[in-house]
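Every number in this text was worked out from the coordinates using simple rules, so none of it is lab data. For clarity, every value in this text was computed on a predicted model and none was experimentally measured. Here the Cβ positions follow ideal geometry from the backbone for every residue, glycine too, while neighbour counts run over all protein chains shown.
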Amino acid sequence: GLLVDDLLSLARLESSNANLELSAVRVEELFNNVVRDWKEKLAAKNLKVIVDLAPDGSTLRADETRLREVLYNLLENAVKYSRENGEIDLRAVQRGSELVLSVTDNGLGIGKDDLPRIFERFYRADKARSRELGGTGLGLAIVKHIAQLHGGRVEAESELGHGTTIRVVLPVGNRE
C-alpha cells in the first residue's frame with residue numbers, strides 16, 4: 001500500500017545513485033497541474049487555493065516528476081490538517097539566488113518542540129490525530145530528500161492553532 005510506496009520512494013532517494021531527470025520546469029504550469037490534480041480533495045473540505053507566483057514567470061532546471069511529488073506531499077499535509085473552508089497558499093518567490101516554493105495552510109499548526117523534527121521519517125507531532133487522518137509519516141522526509149537532491153533545503157514555520165508554512169528552497173543556479 002501507501003507505506004510501501006513511500007518507503008520505496010524514500011529508499012530510492014537515499015540511494016547514492018538517485019538521479020534527477022533535469023528539464024526546464026515552468027513553475028506556473030507545475031502549480032496549475034498540481035492544483036488541478038487536487039481539485040476533488042480540495043473541494044471535499046471546501047478549501048480555497050491561492051497561487052501566488054513571482055512575476056518573472058520562473059523557469060527552473062529541475063526534475064519535474066520529483067517537484068510534483070514535493071508539492072503533492074505538501075498539499076496532502078495542508079489539506080489533511082486544514083479546517084473546512086480554509087485557505088491554502090501556494091507560492092513561488094525569488095529570494096536572492098534562490099527560488100522558494102512554499103505551501104501555507106491555516107490549519108492546526110505544529111508546536112515549537114515538534115517543529116524541528118517534522119522532516120524526520122515517521123515523526124508525527126500529533127500521534128492520535130495522524131492515525132485518525134492516515135498517511136505514512138514519510139511525506140516530509142521525502143520532500144526534504146528531493147530538495148537536497150536539487151541542492152536545496154527545507155524550512156518550516158508554524159504556530160499552534162494558526163497553521164503552517166513549509167518552504168522548499170532551491171538554488172536558481174538551476175535556472176534556464
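List of remarks:
- Within the range 145-165, residues that are touching a residue at least 24 places away in the same chain (Cβ under 8 Å) and under 20 Å from L67 (Cα atoms) sit with their Cβ atoms under 8 Å from residues that are of a type in the set (S, T, Y) and surrounded by 14 or more Cβ atoms within 10 Å (Cβ to Cβ), at 6+ positions apart or across chains, in these pairs: A156/T164; A156/T165; T164/Y81; T164/T104; T164/S158; T165/S102; T165/T104; T165/S158.
- Within the range 42-100, the set of residues being closer than 19 Å to L22 by Cα and of a type in the set (K, R) comprises R61, R66, R68.
- In the range 24-81, residue nearest to G152 (Cα to Cα) [restricted to those that are aliphatic (A, V, I, L, M) and part of a loop (DSSP other than H, G, I, E, B)]: A54
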